[in-house]
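The values are calculated or read from the model by the stated rules, or taken from the named source; none is laboratory data. Because the structure is predicted, anything quoted here is derived from the model rather than measured. Methodologically, a virtual Cβ is constructed for each residue, glycine included, from the backbone with ideal geometry; neighbour enumeration extends over all protein chains shown. Note: areas computed on protein heavy atoms with side chains; ligands, DNA, RNA excluded. Shrake-Rupley method; radii C 1.70, N 1.55, O 1.52, S 1.80 Å.
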Amino acid sequence: MAADHTSAPVLEALADHRREGRLSFTPPGHKQARGADPAVREVLGDAVFLGDVLASGGLDDRLTRGRVVQRAQELMADAVHAEHTFFSTCGSSLSVKAAMLAVAGPHQKLLIGRDAHKSVVSGLILSGIEPVWVEPRWDAERHIAHPPSATDFEQAFAAHPDAKGALITSPTPYGACADLRAVAEVCHRRSLPLIVDEAWGAHLPFHPALPSWAMDAGADICVTSIHKMGSGLEQGSVFHLRGDLVEPKLLGMRADLLGTTSPSVLILAGLDGWRRQMALRGEEIMGGALELAAETRAAVEDIDGMRVDGRGDYCGPGLAHDFDPLPGVVDLAGLGITGFQAADWLREHRKVDAHLNDHRRIGMQITHGDDRRTTGELLAALKDLARAAPGLPPAPRVEVPPPAGLRMAQARLPRDAFFGPTEDVPVSRAAGRIAAEMITPYPPGIPAVLPGERLTEPVLRYLTTGLAAGMHLPDPSDPELGTVRVMARDAE
Ligand SMILES: Cc1ncc(COP(=O)(O)O)c(C=O)c1O
């Protein structure tokens, strides 16, 4: 029977819950807003509390006999050509760990593109999986990393035939996409699974002009943040499964290790609603976003000193395979300012927030939630920024090493370095020592340093000069990098 995408089981059950005037003697303790502080209700609105009900024993009965979330997951799987879908209310940070744990265990090898998000590195620390790093494709001129190619994975498997599978990030937060079909083939020739961290690709299944998406390209598990490019609420993420290389029950059990026993029904409802919206009108809605992005990109190109990274910049031999235009990455090198300065200026002077920002770029993500009013304001703000740029203090220089200089040797397992004896040493004396922590410029959240890597001077200089220029490093023990946490000498 064809799936009925006009239905949205979680939203419908929530509407029933409200209509029936259910009285709960269960969590959440705010009891449909009645117990919440009026000042909180005023800011959040009662809708937030009314939708915040217990998932089993509230939204559904205690044995989930209505299969409310189950039916919503099945509809999601149908909409994106997966065989199984799992909802996560803990972001793709949970989903990607669940996927990793379903493919490899402690001391087993997993091939991973080194441009992975910090949640992947957290997964390595928690699990004891041994990473075999696969080099991204580096664009040395633009200082940007694109996903590794199928050949890169082929070579890594040849060198590590005992690896249990592979993990690749595509699209990158900048919108560069891998040749997923070719990478999946490399894995499947060995009957090994491919995990795609497609956190930035919620929209991809719904328009033919967007890059091919993981389930269609033959990946086994794919992780997607519905809150990033889709209409889900923050933390709303899904992971999908196809094929017979990973057992669905096992994936569910591994996810259960990490997840909450109190999933937010608000977040589940957001996932369910997004699926219905896309299944019914996805192509039309995404077509509109693509058109708007194309117009906006062209208009930004006309601003003196700004250029928008495009397909021609990211794709080609030795670079990425495909390109998503929606992240809208603006290169500011022509203005002589950093992305950090630009983001601060736009926020302070024009109340406009950019997502990505690095030593030379800002990201102006456009989604189906934008329209000509919002992009008009964006363009006006960017023009003002271009006019203001000459008056900004000279951009502090970030010493970005060439690609080879960014790579450090993985001397110890991330888990062993993280949990072993450590000491904090001044950054000036950290080169040569083994890192015992992650140091991650955020956004986009790709660790420059991860536990077990032997620190080098160029990487430390990149981070200290970056910090002085406004880079945000939320995760090290000393966010100001006066000291760095390293493995104790006698534990190395
Ligand atoms: C590539 C990638 N994977 C995973 C994540 C984690 O996603 P979430 O924020 O939904 O936990 C992010 C977040 O930025 C990401 O960029």
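So what's Rg/Rh here for the range 270-354, counting alpha carbon atoms and using the Kirkwood radius for Rh? The partial results should precede the final answer.
Details: Rg = 16.2 Å, Rh = 15.3 Å.
Result for the range 270-354 is an Rg/Rh of 1.06.
Take Arg350, project a point 7 Å from its Cα along the Cβ direction, then tell me which residues of the range 291-327 have their backbone nitrogen under 20 Å from it.
292-310, 326-327
On a full-extension model of 0.36 nm per residue, what is the gain between Asp16 and Val40, subtracting their alpha-carbon distance, rounded to one decimal in nm? Show your work: numbers first, answer last.
Working: separation 24, 0.36 × 24 = 8.64 nm, distance 2.54 nm.
In short, 6.1 nm is gained.
Kindly provide log₁₀ I(q)/I(0) values, in the same order as q = 0.17, 0.21, 0.24 Å⁻¹, from the Debye equation applied to equal alpha-carbon scatterers of the range 328-418.
-0.76, -0.99, -1.21
Calculate I(q)/I(0) for the range 403-491 by the Debye formula, one identical point scatterer on each C-alpha and no solvent, and give its log10 at q = 0.16, 0.20, 0.23 Å⁻¹ to two decimals.
For the range 403-491 at q = 0.16, 0.20, 0.23 Å⁻¹, log10 I(q)/I(0) is -0.54, -0.86, -1.15.
In the chain, what is the volume of the convex hull around the alpha carbon atoms, normalised per residue and reported in Å³? Write down the numbers at each step before the final one.
On the way: hull volume 80.1 nm³, N = 492.
Hull volume normalised by residue count: 163 Å³.
Using all C-alpha to C-alpha distances in the range 9-277, build P(r) with 5 Å bins and read off the rounded percent in each one.
Distribution as computed: 1, 6, 13, 17, 17, 14, 11, 8, 6, 4, 2, 1, 0 percent.
For the range 283-391, what is the charge dipole size about the Cα centre, in debye to the nearest 20, if Lys and Arg each add +1 at the Cβ and Asp and Glu each add -1 at the Cβ?
Around 420 debye, computed over the range 283-391.
With +1 on each Lys and Arg Cβ and -1 on each Asp and Glu Cβ, how big is the dipole of the chain about its Cα centre, in debye rounded to the nearest 20? Kindly include the intermediate steps, with their values, before the conclusion.
On the way: 49 positive and 64 negative charges, 135 e Å.
Roughly 640 debye, rounded to the nearest 20.
On full extension of the chain, what length is gained from Arg429 through Asp256, given 0.36 nm per residue of separation minus the C-alpha to C-alpha distance?
On the way: separation 173, 0.36 × 173 = 62.28 nm, distance 4.19 nm.
This chain segment gains 58.1 nm when fully extended.
Please express the Cα-Cα pair-distance distribution P(r) of the range 100-162 as a list of whole percents, one per 10 Å bin, running from 0 to the bin with the greatest distance.
21, 47, 27, 5
Compute the Cα gyration tensor for the range 52-178, then decide on rounded, prolate or oblate, letting a ≥ b ≥ c be the square roots of its eigenvalues: rounded whenever a/c is under 1.5, prolate when a/b is larger than b/c in the other cases, and oblate in all that remain.
Numbers: a/c = 2.45, a/b = 1.92, b/c = 1.28.
The shape class here is prolate.
DSSP loop trypsin sites (Lys or Arg not before Pro) in the range 147-248 with at most 15 other Cβ atoms within 10 Å of their Cβ, which ones? Intermediate results must be reported in sequence, preceding the final value.
Values: sites: Lys164, Arg181, Arg189, Arg190, Lys228, Arg242; in loops: Lys164, Arg189, Arg190, Lys228, Arg242.
Here the sparse-neighbourhood loop sites are Arg189, Arg190.
Two decimals, Cα atoms only, Kirkwood Rh: what is Rg/Rh over the range 271-319?
Working: Rg = 15.6 Å, Rh = 13.3 Å.
Rounded to two decimals, Rg over Rh is 1.17.
I need the semi-axes of the equivalent ellipsoid of the range 112-205: take the C-alpha gyration tensor, multiply each eigenvalue by 5, square-root it, list largest first in whole angstrom. Could you put the intermediate results ahead of the total?
Values: eigenvalues 77, 50, 41 Å².
Semi-axes, largest first: 20, 16, 14 Å.
In the range 19-120, what chymotrypsin sites (Phe, Trp or Tyr not before Pro) fall in a loop by DSSP, with at most 16 other Cβ atoms inside 10 Å? Display every interim value, and only then the final one.
Numbers: sites: Phe25, Phe49, Phe86, Phe87; in loops: Phe25.
Sparse-neighbourhood loop chymotrypsin sites (Phe, Trp or Tyr not before Pro): Phe25.
Treating the beta-carbon of each Lys and Arg as +1 and of each Asp and Glu as -1, no other charges, what is the dipole magnitude of the range 9-277 about its Cα centre, to the nearest 20 debye? Write out the running numbers ahead of the final one.
Values: 26 positive and 31 negative charges, 114 e Å.
Magnitude of the dipole: close to 540 debye.
Which percent of the accessible heavy-atom area of the chain goes to carbon and sulfur, probe 1.4 angstrom? Display every interim value, and only then the final one.
Details: 10830 of 20740 Å².
Reported share for carbon and sulfur atoms: 52 percent.
For the range 445-492, take N as its residue count and report Rg(C-alpha) divided by 2.2 N^0.38 Å. Spell out each step's value before the answer.
Details: Rg = 11.2 Å, N = 48, 2.2 N^0.38 = 9.6 Å.
Expressed relative to 2.2 N^0.38 Å, the Cα Rg reads 1.17.
If each residue of separation counts as 0.36 nm, what is the full-extension length gain between Glu83 and Ala380 once their alpha-carbon separation is subtracted? Let's see the in-between values first.
Details: separation 297, 0.36 × 297 = 106.92 nm, distance 4.53 nm.
Working it through step by step, the gained length comes to 102.4 nm.
Kindly provide the helix-only [θ] at 222 nm of the chain, computed as the sum of -39,500 (n - 2.57) over DSSP H runs of four or more divided by all residues, to the nearest 500 deg cm²/dmol?
Details: 16 runs with 181 residues, N = 492.
My calculation for the chain gives -11000 deg cm²/dmol from helical runs alone.
Determine the per residue accessible area of the chain with all protein chains present and a 1.4 angstrom probe, expressed in square angstrom.
So the chain comes to 42 Å² accessible per residue, rounded to a whole number.
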